[in-house]
Amino acid sequence: MKRIVIFASGSGSNAENLIKFFQNSDNASVIQVLTNNPHAKVLERCKKLNVSALSFNRIAFSESEDVLNILRSSNPDLIVLAGFLWKFPEFILNEFENKVINIHPALLPKYGGKGMYGMHVHHAVVDNKEPETGITIHYVNENYDEGAIIFQAKCDVKPSDSAEDVAAKIHELEMEHFPKVVERLLNNF
Ligand code: GAR
């Protein structure tokens, strides 16, 4: 059984979707969710779904080996960032080379980088009158949103679309594709 650990910072709709998808799988399961936000809705979702979840602070994450030690003992085949907003420390990446992936709600390299997350991305897309946007699933490296791209899916942006309309389209793409891409990656390991 392949082991998935998810990092999330907020609502956790992607985390929930991944957990449910792999609850029906014989090959992989989400064994743990880690969050930097002790008030994140993702913690409630995990409780309902019976998945172990932990919150941590910045010292535990990037100024000590506390989170790294948690990961060492969970021993994941894949670490999935699903709406996780802190930069991933290099010393953790070094120990999990090519095993950390992220989902970004735009067609990278457009609309990536520090501060580009959630609704900020969709507002920028609408403000710039982009005719299309989409999702990108990519490996994580030491720079925000710059690792090698694994998968992209696109959707149209109509001139009348609001940022909320775009968010709804992106949500649909994420729900459809993210678990399948994770499954495919794990099958190639
Ligand atoms: C998702 O749309 C994800 O792509 C985005 O945050 C949302 C989290 O939603 N991630 C980023 O913007 C990362 N830069 P969720 O908490 O409901 O899964």
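The values are calculated or read from the model by the stated rules, or taken from the named source; none is laboratory data. The model shown is predicted, which means the values in this text are computed figures rather than measured ones. Every residue, glycine among them, receives a Cβ derived from its backbone with ideal geometry; neighbour counts consider all protein chains shown.
Pairs are defined by a Cβ separation below 6 Å, a sequence spacing of at least 6 or placement on different chains, a first member in segment 95-113 that is at negative phi, and a second member that is part of a loop (DSSP other than H, G, I, E, B) and at pLDDT below 95; the pairs so defined are HIS104/ASP145; LEU108/ASP145; GLY112/ASP145.
Report, ordered by the first and then the second residue, all pairs with beta carbons closer than 6 Å, sequence separation of six or more or different chains, a first member in segment 72-94 that is touching a residue at least 12 places away in the same chain (Cβ under 8 Å), and a second member that is in a strand (DSSP E or B) and of a type in the set (Gly, Ala, Ser). Final answer for the pair search is ALA82/ALA8; GLY83/ALA8; PHE84/ALA8.
In segment 154-189, of all residues being touching a strand residue (DSSP E or B) at 6+ places or on another chain (Cβ under 9 Å) and within 12 Å of the ligand (Cβ to nearest atom), the one that is farthest from ASN17 (Cα to Cα) corresponds to VAL166.
Among the residues of segment 108-144, those that are within 11 Å of the ligand (Cβ to nearest atom), in contact with a Phe, Trp or Tyr (Cβ under 7 Å, 6 or more places away or on another chain) and at pLDDT 95 or above comprise GLY112, VAL121, ILE137, VAL140. As a summary of the residue check, ASN37 satisfies the conditions (1) part of a loop (DSSP other than H, G, I, E, B); (2) within 13 Å of the ligand (Cβ to nearest atom); (3) surrounded by fewer than 15 Cβ atoms within 10 Å (Cβ to Cβ); (4) free of Cβ contacts under 8 Å to residues at least 40 places away in the same chain except for the one numbered (3). If the condition is being of a type outside the set (Lys, Arg) and in contact with a Pro (Cβ under 8 Å, 6 or more places away or on another chain), then segment 69-106 contributes only PHE96.
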